[in-house]
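First comes the structure, then the notes that go with it.
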Amino acid sequence: MEKIDIVVIGGGPAGLMAAGTAAAEGVTVMLLEKMEKVARKLRITGKGRCNITNARAIPEFLTKIYPSPNFFKPSLYSFSNQDIVTLLEKQGVKTYIDRGERIFPVSESAKEVAEGLNAFAKERGADILCHAEVVSIAHSADGFTISVKTPQESRTIAAKAVIVATGGLSYPLTGSTGAGYAFARELGVKVTPTHPSLVPLEMADKPGKLTNTTNLKNIEMVLWINQKKIDKEFGELEVLDGKLAGPITLRLSRAAVAAIDAGSSVRFTLDLKPALSPEQLDNRIARELANPAVKNLGGLLRTMLPSNLIDAFAELLPSPLSKPTADVSPKDKKAIVNRLREYPIDIEGYGGFSEAIVTAGGVDLKEIGSKTMESRVVGSLYFAGEVLNLDADTGGYNLQIAFSTGFVAGKSAAQKVKEANRADG
Ligand SMILES: Cc1cc2nc3c(=O)[nH]c(=O)nc-3n(C[C@H](O)[C@H](O)[C@H](O)COP(=O)(O)OP(=O)(O)OC[C@H]3O[C@@H](n4cnc5c(N)ncnc54)[C@H](O)[C@@H]3O)c2cc1C
């Protein structure tokens, strides 16, 4: 049987970082990736641009991490947002800071980031095997036996330490199908329930429901849970396949999904004109009504809203779009202002893992050392990246979880193996 110091399972950002970091310590490392190439998911991040990390200072960075920023803190200090930028720049990937302190490659190419990380792992000496799916991990006093299926054969590999970096359940076509949770459970490591996060939200079938491809820029979206105002975001809203999507929905989705799961009522209200004061909005409506080119209520709305929102908007008004301008009453005006300020959208569900950016839940953090990523139950078994019960807001934070925990797992696994090798003489 082939003998390796450390086997890393999964060639996403966490696995590549772990493999390169461990190999740099001078131990033998084999990374097993079941897909035809490494980092399939990384290649589609940030709509192909890859939001690598976020430049915010560490204390503020940590406020974007769930459910336990404290667990993540030692990893982030060990390998920070600045450290991943430095590492990638050494691999020839130049970066820049965009809006919201988000860091992207200058090339705007997620593929370049994936290849930079792959080269990092290989150059440090990790042996990377694709088309190699791990089917089971057995543990005994002698270490680990890993069963691997390749297109040609089934083989077993003996390892002194294992790093599980198999990702979560989101976008399963990229290879992340939750295998790591099964490995964890089989080895006696607890896994908390998983659910989709950063995910599109399903609108209830009610008057005013937004239709497909409605794209609203520069709006404010307020989240209400059980009629209580919880949070708000400003930016761009998209509707895709009958679901609310786009950056502001994703940012508010974590709280919305938790509320839906708890059986609470979830509603968004949109301020479609957040830049206008009440007085400016009234003046704008009066000006448009006085314009001879505006013949009726529909004409008024067309001057103020994107055309694909008008039919839905009209469903929430007391008068029809054909009502002549001269007949528009104070009640009509009040209704228009109210709807422009608080356009209601009730939410009744959320998308599945195939649409979710990340998985919330996973390997229970109580079972893992936060300074090593080592299981407290099974020595020399490590977890890194999304397989852990760690996730974050959009903005580059999720990839940093993969980089930092991958680094810590790789470093501590290598140190432990080196100590054992020294003890063995
Ligand atoms: C559309 C989309 C866009 C995103 N954009 C961003 C962004 O811009 N910025 C950001 O910070 N985050 C983004 N994310 C989230 C980010 O991609 C993930 O958090 C990150 O990829 C997790 O890294 P990971 O290495 O833990 O897991 P993954 O990237 O999921 O990698 C796990 C790897 O393990 C392999 N594997 C699984 N099971 C086995 C097995 N049994 N044997 C062998 N190999 C196995 C898989 O094939 C996969 O390659 C995005 C996610 C999606 C879906």
*Any idea which of (1) at positive phi; (2) touching a strand residue (DSSP E or B) at 6+ places or on another chain (Cβ under 8 Å); (3) open to solvent by 50 Å² or more (accessible area, probe 1.4 Å) is the one E236 doesn't satisfy?*
(1)
*Here are some residues: A275, A312. Which one is open to solvent by 50 Å² or more (accessible area, probe 1.4 Å), closer than 18 Å to E342 by Cβ and in contact (Cβ under 8 Å) with a residue 24 or more places away in the chain?*
A275
*Are any residues in the stretch 137-153 within 13 Å of the ligand (Cβ to nearest atom) and open to solvent by 40 Å² or more (accessible area, probe 1.4 Å), and if so, which ones?*
K149
*Does L289 satisfy the condition of being free of Cβ contacts under 8 Å to residues at least 60 places away in the same chain and either open to solvent by 80 Å² or more (accessible area, probe 1.4 Å) or among the hydrophobic types (A, V, I, L, M, F, W, C) (or both)?*
yes
*Filter the stretch 10-53 down to residues that are within 9 Å of the ligand (Cβ to nearest atom), of a type in the set (V, I, T) and open to solvent by 10 Å² or more (accessible area, probe 1.4 Å), then give me how many there are.*
2
*of a type in the set (V, I, T) and more than 26 Å from A126 (Cα to Cα) - does that describe any residue in the stretch 40-54?*
no
*Are there any pairs with C-beta distances below 7 angstrom linking a residue in the stretch 150-175 that is under 21 Å from L381 (Cβ atoms) and in contact (Cβ under 8 Å) with a residue 24 or more places away in the chain to a residue that is of a type in the set (K, R) and in a strand (DSSP E or B), with the two at least 6 apart or on different chains, and if so which?*
A158/K3
_Residue ID - farthest from the ligand (Cβ to nearest atom), chosen from residues in the stretch 373-408 that are of a type in the set (G, A, S) and either farther than 30 Å from A255 by Cβ or part of a strand (DSSP E or B) (or both)_ = G379
*S253 farther than 19 Å from R339 by Cβ, touching a residue at least 40 places away in the same chain (Cβ under 8 Å) and open to solvent by less than 10 Å² (accessible area, probe 1.4 Å)*: yes
*Within the stretch 319-338, can you find the residues that are in contact (Cβ under 8 Å) with a residue 12 or more places away in the chain, open to solvent by 70 Å² or more (accessible area, probe 1.4 Å) and either within 23 Å of L250 (Cα to Cα) or of a type outside the set (D, E, K, R) (or both)?*
P320, S322
*For the stretch 61-174, which fully contained helices (runs of 4 or more DSSP H) count at least 3 residues that are of a type outside the set (A, V, I, L, M) and under 19 Å from the mean Cα position of the chain (by Cα)?*
69-78
*Out of curiosity, is K366 assigned to a loop (DSSP other than H, G, I, E, B) and within 37 Å of the chain's Cα centre (by Cα)?*
no
*Being within 17 Å of I4 (Cα to Cα) and open to solvent by 50 Å² or more (accessible area, probe 1.4 Å) is the filter; apply it to the stretch 155-184 and report the residue that is farthest from the ligand (Cβ to nearest atom).*
K160
*Would you check if E115 is over 28 Å from E25 (Cα atoms), modelled with pLDDT of 95 or more and not β-branched (V, I, T)?*
no
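The values are calculated or read from the model by the stated rules, or taken from the named source; none is laboratory data. Treat the numbers as computed from the prediction; the structure is a model and nothing was measured. Glycine gets a Cβ as well: all are built from the backbone with ideal geometry, and neighbour counts include every protein chain shown. Just the protein is used for accessible areas: all its heavy atoms, side chains included, with ligands, DNA and RNA removed. Shrake-Rupley method; radii C 1.70, N 1.55, O 1.52, S 1.80 Å.
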